[in-house]
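Report on the following structure.
Here, each number is a calculation from the coordinates, and none is a lab measurement. Bear in mind that the values here come from a model prediction, so they are computed numbers and not experimental data. Neighbour counts are summed over all protein chains in view; Cβ atoms, including those assigned to glycine, are modelled from backbone coordinates with ideal geometry.
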Ligand SMILES: [Zn+2]
């Protein structure tokens, strides 16, 4: 039995037809975790869809209305890059409900997973890049509304920048803390673009490949624009530095870890060069820091487009295994 919950539903499947997004990955991950004995049936909990009220904590009334009535423009549907259907709307409402539930469990159990979600390219008023609804933002806003937390941090390790997250939590910008970035060595935290976090209640960290979607990257609290083909060691150093820097500026009561599988070197939509083992070390690093700092972590899966879907499934399953290894250990003083 795992020392934490995995929120999952077979209905996480996204009805998008033949697509580079492997919509069947959620079911495969669930099956693999059970077949390999990593998890048991009762480690999983089934979410309910988020309410419209929850969705409206992040998204605009107009956008939600368009989604519910099937009245997106052709351009809006094209921008989302997944074909609209009422069933797809239901799947995204369910993913958001899953992240709300996982956040709630994380606050009680130190860590919890949504075996789905991580749709970090959704904006308040439109969807982009396979993302219709920003489940992580909805979960954070719901936890704040219920006064379970005041401050959260997102740690986004998908290979693509978390543009929706950056915009949703932009808050009041204070331009004075723009640090030099152009041409500076990326391993130096001072090279990261950093925005003053004090005005905001959510601190957003994004580690991503610079030369990749989205073309325009709205500023997160802390962006690490990584060069093409970065490997495990450099990446892990960057990640450790980024989280340390973030935690030196901000004290979150919840970390939302967006554990994209697409920094993998064989990803079709990514250009970094992490190995499967390096990605597991990445996950372990996030969990070790959160555990040591006693900050609860809610995990979502996000992207993963490996040439072999089985690799994407392995990388996502390894995130659960890394958490099991870290959180099964006794807390050291
Ligand atoms: Zn991605």
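Might you check whether a residue that is free of Cβ contacts under 8 Å to residues at least 40 places away in the same chain, within 24 Å of residue 128 (Cα to Cα) and assigned to a loop (DSSP other than H, G, I, E, B) occurs anywhere in region 25-47? No, the conditions are met nowhere in region 25-47.
Applying the selection to region 119-141, what residues are outside any loop (DSSP other than H, G, I, E, B) and either crowded, with 24+ Cβ neighbours inside 10 Å or within 15 Å of the ligand (Cβ to nearest atom) (or both)? It would help to see each step written out before you state the result.
So in region 119-141, the residues outside any loop (DSSP other than H, G, I, E, B) come out as 128, 131, 135-141.
Residues satisfying the conditions are 128, 131, 135, 136, 137, 138, 139, 140.
Quick one: what pairs do we get from region 301-312, first residue in a loop (DSSP other than H, G, I, E, B), second near the ligand (Cβ under 8 Å from one of its atoms), C-beta under 6 Å, 6+ apart or different chains? Cβ pairs passing all conditions: 302/158; 302/260; 303/158; 303/260; 303/262; 304/262; 305/262; 305/269. Taken over region 290-313, the criterion of being under 21 Å from residue 117 (Cβ atoms), surrounded by fewer than 21 Cβ atoms within 10 Å (Cβ to Cβ) and in contact with a strand residue (DSSP E or B) (Cβ under 9 Å, 6 or more places away or on another chain) is satisfied by 295, 311. Evaluation of residue 329 against the conditions (1) in contact (Cβ under 8 Å) with a residue 40 or more places away in the chain; (2) under 16 Å from residue 2 (Cα atoms) shows that the sole unmet condition is (1).
The residue that is surrounded by the fewest Cβ atoms within 10 Å (Cβ to Cβ), among those in region 53-85 that are in contact (Cβ under 8 Å) with a residue 40 or more places away in the chain and part of a helix (DSSP H, G or I), is 62. When residues in region 213-228 are screened for being crowded, with 19+ Cβ neighbours inside 10 Å and within 14 Å of the ligand (Cβ to nearest atom), 2 of them pass. When 267, 228 are checked against the criterion of being over 19 Å from the mean Cα position of the chain (by Cα) and touching a residue at least 40 places away in the same chain (Cβ under 8 Å), 228 stands alone in meeting it.
Select from region 244-267 the residues that are closer than 11 Å to residue 305 by Cα and within 11 Å of the ligand (Cβ to nearest atom) and write down the one among them that is surrounded by the fewest Cβ atoms within 10 Å (Cβ to Cβ). Among those that are closer than 11 Å to residue 305 by Cα and within 11 Å of the ligand (Cβ to nearest atom), it is 267. Starting from residues that are buried (at least 24 other Cβ atoms within 10 Å of the Cβ) and outside any loop (DSSP other than H, G, I, E, B), keep the ones in region 104-118 and report whichever is nearest to the ligand (Cβ to nearest atom). In this case the residue turns out to be 114.
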